[in-house]
1. Quick check on the chain: helices-only [θ] at 222 nm, where DSSP H runs of length 4 and up contribute -39,500 (n - 2.57) each and the sum goes over total residues. Nearest 500, please.
2. If you rank M79, M72 by fewest surrounding Cβ atoms within 10 Å, what's the result?
3. When Y33, Y133 are ordered from fewest to most other Cβ atoms inside 10 Å of their Cβ, what list results?
4. 7 Å from Cα along Cα→Cβ at both A78 and F109: what's the point-to-point distance in nm?
5. Please list, in chain and number order, the residues 5+ apart from A68 or on another chain whose amide H is under 5 Å from its amide H, with Hs placed from the backbone.
6. Taking the Cα-to-Cβ direction at D64 and at V46 and moving 7 Å from each Cα, how far apart do the two end points lie in nm?
7. Using +1 on the beta carbon of Lys and Arg, -1 on that of Asp and Glu, and nothing else charged, what's the dipole of the chain about the Cα centre, debye to 20?
8. Helix by helix through the chain, keep the DSSP H runs that span 18 Å or more along the axis on Cα and average at least -1.0 on Kyte-Doolittle, and give those back in order.
Amino acid sequence: MAAALVQHALAAEPEPLHSVKILSAGVSALDGYPPSANSAQALRKVGITLNNHRSKRVTQEMLDASLAAFCMTEAHRAMLELQYDTSRTQVLLMRELLDTAERDIPDPFGSNLQAYEACRDSMVEAIPAILSYLRGILAQKPS
């Protein structure tokens, strides 16, 4: 859901932000699975479809090529930092850039639709700060 929501937001941005490619990968994901029915439904309710999405496990190559990596929870970040070399990639929580005590977004995996909708809404709240962060990174990169 996070990648689809951020990509949707980027579509309305000017260049170079408009062309930033968002990848979705999990620290314990298995490759090739479609999105859960509840994640697809939670996104359809806000006009976003996950038609061709398939799960992927994060790789070192993905991290090395990334401007940044965003995690939902502190536990996800710890797993990422334990399993991979993150020295060249800034690893942040999606809500870390917000002025809020609630930094983790509980993973709704296996939960009901309402949990997925709450997760979606928590992600949406973080997107403006994520876009601002990416804008700053791109402004520092040489052309």
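1. Calculated mean residue ellipticity at 222 nm is -13000 deg cm²/dmol.
2. M79, M72
3. Details: Y33 11, Y133 18.
By the 10 Å Cβ count, ascending, the order reads Y33, Y133.
4. 1.6
5. none
6. If labels sit at D64 and V46, their model points lie 3.4 nm apart.
7. Here the size comes out at about 380 debye.
8. 113-140
Read-outs: derived from the displayed coordinates by stated rules, not from any lab. None of the values given here were measured: they were computed from a predicted structure. Using ideal geometry, Cβ is built from the backbone for each residue, glycine included, and neighbour counts are taken over all protein chains shown.
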